[in-house]
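Below: one structure, written as structure tokens.
The values are calculated or read from the model by the stated rules, or taken from the named source; none is laboratory data. Just so it is clear, the structure is predicted and the values come from calculations on it, not from any experiment. Backbone-built Cβ (ideal geometry, glycine too); neighbour counts: all protein chains shown. Just the protein is used for accessible areas: all its heavy atoms, side chains included, with ligands, DNA and RNA removed. Shrake-Rupley method; radii C 1.70, N 1.55, O 1.52, S 1.80 Å.
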Amino acid sequence: MSSDKVLLPANVEPIRYEVKLSPDLEKFTYDGDEKVEISIKEATKTVVMHAKELSFWSCRCKHAGGESEAVEIQVNIKETTVTFVFSEELKVGDAVLEIVFGGLLNNQMAGFYRSGYDDIHGNRKIMASTQFESLDARRAFPCWDEPARKCVFGVTLVVPSELTAFSNMPELSCNSLPGGKLKELKFMDSPKMSSYLVAFCVGEFDFVQEMTEHGVLVRVYTPPGKGVHGDFALKCACKSLDLYDDFFGVPYPLPKLDMVAIPEFAMGAMENWGLVTYREVDVLIDPVKASSQQRQRVCTVVTHELAHQWFGNLVTMDWWDDLWLNEGFASWTENMAADALFPEWKMWEQYSVDHAAAALRLDALRSSHPIQVPIKHAEEVEEVFDAISYCKGSYVVRMAHAVLGRENFQKGLVAYMKKHQYSNTVTADLWAAWEESSGMPIGEMMKSWTEQMGYPVLKVVGSSFSGGKATIELEQKWFLSDGSEVKADEAKLWCVPILTATSSGVGDEIHMMREDKMKIVVDMGGNDGGFVKLNAEQQVPMRVCYDEEMVKRLVVGIKGKLMSASDRAGVLADAYALVKAGMMEPGQLIRLLKAYEEEDDATVWEALEGVLGGLNKATAENDLINGGVKKIGREIIGKLVAKVGWDAREEDGHLDKLLRGTMVRLLSVFCYDEEGVKKEAEWRFAKFLEDAADMQALPSDMRSPVFKIVLKNGGDKAFADVKGYFDTATDNAEKKHVLNSIGSAPSLKNKLEVVEWTTSGAVKLQDFFYAIGSVHRSSKEGMELTWNFYKDNFDRLKDMLGKASASLMDALIVYSCGGFCSNEKADEIEKFFKENPLPQNQRKLMQTLEAMRANAVFLGLLEKSELGESSFWRGL
Ligand SMILES: [Zn+2]
């Protein structure tokens, strides 16, 4: 599949690097000195390595034939390579390259880069750190920057004496240099690993530390004065490291693990071996202010990155086309570990409405891609750090877990880790490990999900219930979100494991559907009158379309809460997707919504929020339907408010707090103008203005939506109050509440001020698009405004993002141009990007446009249905 991938020549193989870097934090440059032990496989006059934005002073090679100085150093900017040309042939055998070079501490959050921040005394400070995945190790030092070229790395840093510096491995020696201003820190050799996992940091930090039960020293480095904010992540890290030692059957191989909060960071976090770097909000927890959502986020980011210490670092994908082996697996494991650490969070139920929903949404587009995606040029990988690699990847792992059972699943993983540690694998190696542990032909099933894009909808074409059994006739076909026709030559088949749940619980039997049609018989535990829920616990990435009889029975199960929260959420999410695709009548969905009137489960409410929010947005321009949707929304949300209330209760658990957050979010969309809601939000906001640390009146879980309610009902004063909090808040999570809500101010003048302010440099590059998104989501005018702003400022925005990660531009596109419900708008946007191409964001753009056109189809379907008649709404 990837035989044509572009690699460096194999005539020279690297074995061990000694990299010495001396950064200058005032001039934003560094000097580099590198010795690479290599093995010359074929005599050659040239050595080609990866290099980007580096300057070269010299290169010499000590080899079997003597010592040679490079006579020419050719830099290829397009290919990001450097070629060292020698006048005579380097002989076959071991050799050492000595390269002297220099580089820039850039401000693009990639390579060896700098971050600016204000310390607790308000002084501007600079720190430097690294982000190498996927292709930016070459931006820090010349190397063979390919995942399969695993080597030993010995790092040395020369830094100002008063600063702290660290790398993947513990410090080996520290020497003060003559003059006393600088020190040279040498770190121990790393195990054999891929170049994208090398990391180092220089700056001022506080830290908290703890030893795991298995004896690994874990530290969390925070900005000075914020050590205590590292405590929560530290606890999560220690517990999950011990858990993974046992689960993967290979102990964590390094003597220490450092985790560092970086002031400017393009991703959420990066799993560098032994030195995990994080965006501040994804690792720091203010023990007083942090919301439940933040705690859960930090926990899952930590458990995700630590899972990579095995899946990714110890065993690495051979090439980027198997990126999902890293990301899909870490995303599955993050939930497994968070579930073990905090069982009361019910992570797997939540999974069915977050990861699962994201996977199913993206993968129902024709512009999706298979999990195993061909990557020719390594740069293409930047486009697939998406919901397919992370969410669908983890979803198929979840499916394998359901089919194999915990024991075989884990046994296979242990064997896989032992067999492939310190080396590289392809997807088939994982199937082989599971086939051996289980004796099941699991590869056959898994391939149908990882090698072809998309997923099926199971359609019930007939059902009958008698003698304590249900007989169900099924068909499968490729599910497309816009319901467009699947032509005969496009037809696909999946090997679908069918799990079932009835009122007696989840059945033991798994039916394997290999053809396009199948009849299954389900034991109903003697209850002919009960329901059968297919895809029990939503463990397989697919949709299910029931017949009328089965829906009727499911409604009884939903109302009586006779099925799990994942299943209640799943029936609703499927119904919504089916309506969008024209496979279910919109009226049926509205009637189904009424079955959730007594619902009080946080997970199910997240699904309800998705459906109500989606319907509200899609129908924004149709007063009749939108009015009906709002009415239904208000009714059902009103019942929740009556149950849950605004005030925290003594006995509230994690999920109760999440549920209250969801409730206030919904109020901010559906009921912000109701007198009672306005009053609640306003007095809480007034209390907050008096004292922002008052978490009683305005807990973090409610801050963003309460800001929105206040903004929507307020004028310039409310706008200035909310925006002012951005400047006074010292915590990034608190600042984010402002970014996520500020665009809700109704006046166009304020909205415009938001987009200008957030792109003026006042907001970090890593965060600025959140504020644009808040304008975009706020109203129809907001959408038009951000789109126009994007067009009018295209060159400036492009320059602003410069050479930073393509993911930032992806986010900006979605947050400024996505979400419209019209074909005309899609055409207009498509035309703009044809004239102003962004090759690195092409995939995201295609997906955004396709989703927009699917929205247009959806609106058309709603208008043509009974929802378009006022009698329908009167009859409800
Ligand atoms: Zn990851």
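Assorted remarks:
- The criterion of being open to solvent by 60 Å² or more (accessible area, probe 1.4 Å) and small (Gly, Ala, Ser) holds for Ala64.
- Hits in region 15-60 (condition: surrounded by fewer than 21 Cβ atoms within 10 Å (Cβ to Cβ), part of a strand (DSSP E or B) and in contact with a Lys or Arg (Cβ under 8 Å, 6 or more places away or on another chain)): Glu18, Asp33, Glu34, Glu37
- Residues considered: Val381, Val396, Val373. Of these, the only one that is over 27 Å from Met347 (Cβ atoms), surrounded by 22 or more Cβ atoms within 10 Å (Cβ to Cβ) and touching a residue at least 40 places away in the same chain (Cβ under 8 Å) is Val373.
- Taking the listed residues Glu13, Glu53, the one that is among the charged types (D, E, K, R), modelled with pLDDT of 95 or more and in contact with a helix residue (DSSP H, G or I) (Cβ under 9 Å, 6 or more places away or on another chain) is Glu53, with no other qualifying.
- Filtering Ile126, Ile73, Ile99 for residues that are assigned to a strand (DSSP E or B), free of Cβ contacts under 8 Å to residues at least 24 places away in the same chain and not basic (Lys, Arg) leaves a single hit, Ile73.
- Positions within region 264-291 being open to solvent by 10 Å² or more (accessible area, probe 1.4 Å) and either more than 16 Å from the ligand (Cβ to nearest atom) or hydroxyl-bearing (Ser, Thr, Tyr) (or both), in sequence order: Glu264, Glu280, Val281, Leu284, Asp286, Pro287, Val288, Lys289, Ala290
- Hits in region 413-433 (condition: open to solvent by 50 Å² or more (accessible area, probe 1.4 Å), over 18 Å from Trp449 (Cβ atoms) and not in a helix (DSSP H, G or I)): Gln421, Tyr422
- The residue that is nearest to Val644 (Cα to Cα), among those in region 686-705 that are part of a loop (DSSP other than H, G, I, E, B) and of a type in the set (Gly, Ala, Ser), is Ala697.
- Residue count for region 84-111, restricted to those that are of a type in the set (Gly, Ala, Ser) and open to solvent by 50 Å² or more (accessible area, probe 1.4 Å): 1
- Residue check: Asp94 meets all listed conditions (1) over 30 Å from Leu25 (Cβ atoms); (2) in contact with a helix residue (DSSP H, G or I) (Cβ under 7 Å, 6 or more places away or on another chain) but one, namely (2).
- Hits in region 575-602 (condition: in contact with a Lys or Arg (Cβ under 7 Å, 6 or more places away or on another chain) and closer than 29 Å to Gln476 by Cβ): Ala577, Leu578, Ala595
- Residue in region 199-209 that is surrounded by fewer than 21 Cβ atoms within 10 Å (Cβ to Cβ) and in contact with a Cys (Cβ under 9 Å, 6 or more places away or on another chain) present: no
- Selection within region 331-367 - buried (at least 24 other Cβ atoms within 10 Å of the Cβ), among the small types (Gly, Ala, Ser) and within 21 Å of Val384 (Cβ to Cβ): Ser331, Ala356, Ala359, Ala364
- For region 334-346, the set of residues classified as within 16 Å of the ligand (Cβ to nearest atom) and farther than 16 Å from Met270 by Cα consists of Asn335, Met336, Ala337, Ala338, listed by residue number.
- Close pairs (6 angstrom Cβ cut-off, 6 or more residues apart or separate chains): in a loop (DSSP other than H, G, I, E, B) in region 667-685, of a type in the set (D, E, K, R) and open to solvent by 80 Å² or more (accessible area, probe 1.4 Å) anywhere: Cys671/Arg634
- If you filter region 729-775 down to residues that are of a type in the set (Ser, Thr, Tyr) and outside any helix (DSSP H, G or I), you find that the one that is farthest from Gly715 (Cα to Cα) is Thr730.
- For Trp348, the conditions (1) within 19 Å of the chain's Cα centre (by Cα); (2) assigned to a loop (DSSP other than H, G, I, E, B) all hold with the exception of (2).
- Residue in region 655-671 that is surrounded by fewer than 16 Cβ atoms within 10 Å (Cβ to Cβ) and on the phi < 0 side of the Ramachandran plot present: no
- Scanning region 243-262 for any residue that is surrounded by fewer than 24 Cβ atoms within 10 Å (Cβ to Cβ), of a type in the set (Gly, Ala, Ser) and more than 12 Å from the ligand (Cβ to nearest atom) turns up at least one such residue.
- A count restricted to region 298-319 and to residues that are within 10 Å of the ligand (Cβ to nearest atom) and of a type in the set (Asp, Glu) stands at 1.
- Lone qualifier among Glu828, Glu781 - being free of Cβ contacts under 8 Å to residues at least 24 places away in the same chain and over 23 Å from the mean Cα position of the chain (by Cα): Glu828
- Within region 591-607, tally of residues that are crowded, with 21+ Cβ neighbours inside 10 Å, among the aliphatic types (A, V, I, L, M) and more than 22 Å from the chain's Cα centre (by Cα): 1
- Residue among Arg295, Arg361 that is away from the ligand (no atom under 16 Å from the Cβ), touching a residue at least 40 places away in the same chain (Cβ under 8 Å), in a helix (DSSP H, G or I) and under 18 Å from Leu659 (Cβ atoms): Arg295
- Selection of region 129-152 for residues being open to solvent by less than 10 Å² (accessible area, probe 1.4 Å) and in a strand (DSSP E or B) yields Ser129, Thr130, Gln131, Cys143, Cys151.
- Taking the conditions (1) aliphatic (A, V, I, L, M); (2) at pLDDT 95 or above; (3) open to solvent by 10 Å² or more (accessible area, probe 1.4 Å) in turn, Ala488 satisfies each one other than (2).
- Number of the exception - Asn107 against (1) in contact with a Phe, Trp or Tyr (Cβ under 8 Å, 6 or more places away or on another chain); (2) polar (S, T, N, Q); (3) over 15 Å from Pro23 (Cβ atoms); (4) at pLDDT below 95: (3)
- In region 448-465, of all residues being under 21 Å from the mean Cα position of the chain (by Cα) and not small (Gly, Ala, Ser), the one that is surrounded by the fewest Cβ atoms within 10 Å (Cβ to Cβ) corresponds to Met453.
- Criterion: at pLDDT 95 or above, assigned to a helix (DSSP H, G or I) and open to solvent by 60 Å² or more (accessible area, probe 1.4 Å) - qualifying residue of Lys712, Lys723, Lys717, Lys708: Lys717
- Positions within region 790-824 being more than 20 Å from Lys751 (Cβ to Cβ) and open to solvent by 70 Å² or more (accessible area, probe 1.4 Å), in sequence order: Asp795, Lys798, Asp799, Lys803, Glu824
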